[in-house]
Amino acid sequence: MWFYRFRKRHNLSFRRATHIAQQSRDLIDSRVNGFLKQVIKTRKQHHYEDRFIGNMDETPVWIEMPGKSTLEHSGVNQVSVSSTGHEKKRYTVVLTALADGTKLPVLVLLPGVRPLPANKVPPGVIVHMCGTNKSWASAATTKVWFRRVWCREPSNKRLLVWDTFRGHTTEEIKQYAKEEMNTDMIYIPGGCTSKLQPADVSWNRPFKMYLQESYDEWVYSGAKTYTPKGNMRAPEVTMLLKWIKNAWQEISPSIIIKSFKKTGISSALDGTDDHLLGYESDDEDPFENCLLENGTEPPVAISSSIDGAQLSEDSDSDKLSDFSDTDDYFDPDSPGH
């Protein structure tokens, strides 16, 4: 009984862990403060307009997104959800946006060598074939992103804020950005991306939620094809690209703008936006009520929790999309399907 009285006296309760931390809170706070000082210093020096401040992030997306729950009769021991057997196969999507709310075209990294026909790639989506059976994000694909997505107005000096994935930090990339792309770069410290990277704070989660909705709709009511043995084939690449385009379109410019303010990257230098920086209350987050372009609310609350599990360099494991047996994906009509 003393234990329960102790808990009540000190207002203690058992809580589910929200993250696994390998770094102290003080160290994280120190890195955040150092990052924000560097951002302010660089912005005062070059006076970038919001349309010349950007963030990009590579994020893995699964071909198959079967739900983990469904409706079933009570008491049933086994509950199944529909799948084509490709739930472990992934590809890489690169999202890029500017502090004024502009969303740049989506870059999709796919395995293989043969380019997709132009009529299979929807406007607003750029496809890069990685040349192997895996869609790796690397320094090479980073240069592709610079040339095909970021290089819109090279005559204007721009500020790019991104994470410390090794494909961003090579000397070749640093030199290329500075000399060829007229771009200043600021790296988000390891362990701080979920607090300081606009994509992680506000875009990626709702983007994937919209992809999930498209997949669910296709599974339950979309047109599908089957193998001679009656197994459902995976969605075609054309359909996946369409889902990606639609999901990116659903992200409101207001969410983009406020994500840059929330992370301190485009906050007013006079301090009038400081109340938005690092807002941590999920119940009273000032961004959770911002509307999407179609007038609806975002499908998921925006989180600003610190990802304490990151080390001094953000892991590149999430930058890899593993495609084994890619023929199943790219040629659904091939023999055996």
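The values are calculated or read from the model by the stated rules, or taken from the named source; none is laboratory data. Small disclaimer: the values here were computed from a predicted structure and weren't measured. Backbone-built Cβ (ideal geometry, glycine too); neighbour counts: all protein chains shown. Areas reflect the complete protein model, heavy atoms only, side chains present, ligands, DNA and RNA absent. Shrake-Rupley method; radii C 1.70, N 1.55, O 1.52, S 1.80 Å.
Below, the figures for the structure above:
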| item | result |
| --- | --- |
| Cβ pairs under 9 Å, 6+ apart, first in the stretch 176-187 and of a type in the set (D, E, K, R), second part of a strand (DSSP E or B) | 178/184; 178/185; 184/158; 184/159; 184/160 |
| Condition check for residue 288: at pLDDT below 95, part of a loop (DSSP other than H, G, I, E, B) and open to solvent by 60 Å² or more (accessible area, probe 1.4 Å) | no |
| Any hit, the stretch 133-141, residues being open to solvent by 50 Å² or more (accessible area, probe 1.4 Å), touching a Pro at 6+ places or on another chain (Cβ under 8 Å), at negative phi and in a loop (DSSP other than H, G, I, E, B) | yes |
| Any hit, the stretch 218-231, residues being surrounded by 15 or more Cβ atoms within 10 Å (Cβ to Cβ) and within 20 Å of the chain's Cα centre (by Cα) | no |
| Filtered residues of the stretch 223-247 (kept if part of a loop (DSSP other than H, G, I, E, B) and without any contact (Cβ under 8 Å) to a residue 12 or more places away in the chain) | 223, 224, 228, 229, 230 |
| Residue that is modelled with pLDDT of 95 or more and assigned to a helix (DSSP H, G or I), where the choices are 256, 186 | 256 |
| Residue list for the stretch 194-217, restricted to those being open to solvent by 10 Å² or more (accessible area, probe 1.4 Å) and in contact with a strand residue (DSSP E or B) (Cβ under 8 Å, 6 or more places away or on another chain) | 200, 204, 208 |
| Looking only at the stretch 259-271, and only at residues there that are assigned to a loop (DSSP other than H, G, I, E, B) and either open to solvent by less than 10 Å² (accessible area, probe 1.4 Å) or among the small types (Gly, Ala, Ser) (or both), the one that is modelled with the lowest pLDDT | 271 |
| Any hit, the stretch 22-37, residues being touching a Phe, Trp or Tyr at 6+ places or on another chain (Cβ under 9 Å), in a helix (DSSP H, G or I), modelled with pLDDT of 90 or more and under 30 Å from residue 140 (Cα atoms) | yes |
| The listed residue being closer than 20 Å to residue 277 by Cα, modelled with pLDDT of 80 or more and not hydroxyl-bearing (Ser, Thr, Tyr), out of 218, 203 | 203 |
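Let's see how each residue does on (1) modelled with pLDDT of 75 or more; (2) surrounded by 15 or more Cβ atoms within 10 Å (Cβ to Cβ); (3) assigned to a helix (DSSP H, G or I); (4) of a type outside the set (Gly, Ala, Ser):
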| position | (1), (2), (3), (4) |
| --- | --- |
| 39 | yes, yes, yes, yes |
| 54 | yes, yes, no, no |
| 60 | yes, yes, no, yes |
| 80 | no, no, no, no |
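Results for (1) part of a loop (DSSP other than H, G, I, E, B); (2) under 19 Å from the mean Cα position of the chain (by Cα); (3) aliphatic (A, V, I, L, M), shown as yes or no for each residue.
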{"residue": "97", "(1), (2), (3)": "no, yes, yes"}
{"residue": "101", "(1), (2), (3)": "yes, yes, no"}
{"residue": "109", "(1), (2), (3)": "no, yes, yes"}
{"residue": "114", "(1), (2), (3)": "yes, no, no"}
{"residue": "123", "(1), (2), (3)": "yes, no, no"}
{"residue": "131", "(1), (2), (3)": "yes, no, no"}
{"residue": "146", "(1), (2), (3)": "no, yes, no"}
{"residue": "155", "(1), (2), (3)": "yes, no, no"}
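Residue-by-condition table, conditions (1) within 24 Å of residue 201 (Cβ to Cβ); (2) open to solvent by 20 Å² or more (accessible area, probe 1.4 Å); (3) basic (Lys, Arg); (4) in contact (Cβ under 8 Å) with a residue 24 or more places away in the chain:
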site: 127; (1), (2), (3), (4): no, yes, no, yes
site: 144; (1), (2), (3), (4): no, no, no, yes
site: 147; (1), (2), (3), (4): no, yes, yes, no
site: 157; (1), (2), (3), (4): no, yes, yes, yes
site: 161; (1), (2), (3), (4): yes, no, no, yes
site: 171; (1), (2), (3), (4): no, yes, no, no
site: 174; (1), (2), (3), (4): no, yes, yes, no
